[in-house]
1. Working carefully through the options 47, 75, find the one that is outside any helix (DSSP H, G or I) and more than 23 Å from residue 114 (Cα to Cα).
2. Quickly run through region 78-131 and pick out the residues that are part of a helix (DSSP H, G or I) and of a type in the set (D, E, K, R).
3. Would it be correct to say that residue 88 is within 16 Å of the chain's Cα centre (by Cα) and farther than 21 Å from residue 23 by Cα?
4. Are any residues in region 62-90 touching a residue at least 12 places away in the same chain (Cβ under 8 Å) and under 18 Å from residue 24 (Cα atoms), and if so, which ones?
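We did not get these values from a lab; they are worked out from the coordinates using the rules stated. All values derive from a computational prediction rather than experimental measurement. Virtual Cβ from ideal backbone geometry, glycine too; neighbours counted across all protein chains shown.
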Amino acid sequence: MAHAAPVYTPPGTRATATPAARWAGLALLMGVAYGLWACAIRRDGGPITTGNVLFGVVTGVVFIALMIALHRVAPSLPRELRALSWAAFAGVAFGYLYSLAGSSVLRSTVMALVVAAGVFAVTFYRYYTTE
């Protein structure tokens, strides 16, 4: 039973998650919230159906996949494109949810651009000051 023996950790130390594991947990949490939000908007107070739940799951999975892909690709980009990619991701994600609520395409686009501009300003400032 030596293979089942616990690993010794010195007193005063504790095991911590790696940054990748923390990021994956955050992406999963955000994807679940995004999927729940999308299916709640689409349900519009009606009964919960299998199609509605499936829509929320698919929306959340696509959100998680795109977020993780962007998180892996973004560090290799220059700071301008890096900020622009996160801004585009946030704008598209917000615009999609906004359009589910039944607003016009023009209003959804304008609101997505406003959100993307704010995200671009914040992320560009962060990347510019930390590089």
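1. 47
2. 79, 80, 82, 107, 126
3. No, not satisfied.
4. Listed by number, the residues that qualify are 63, 64, 66, 67, 68, 70, 71, 73, 74, 86, 89, 90.
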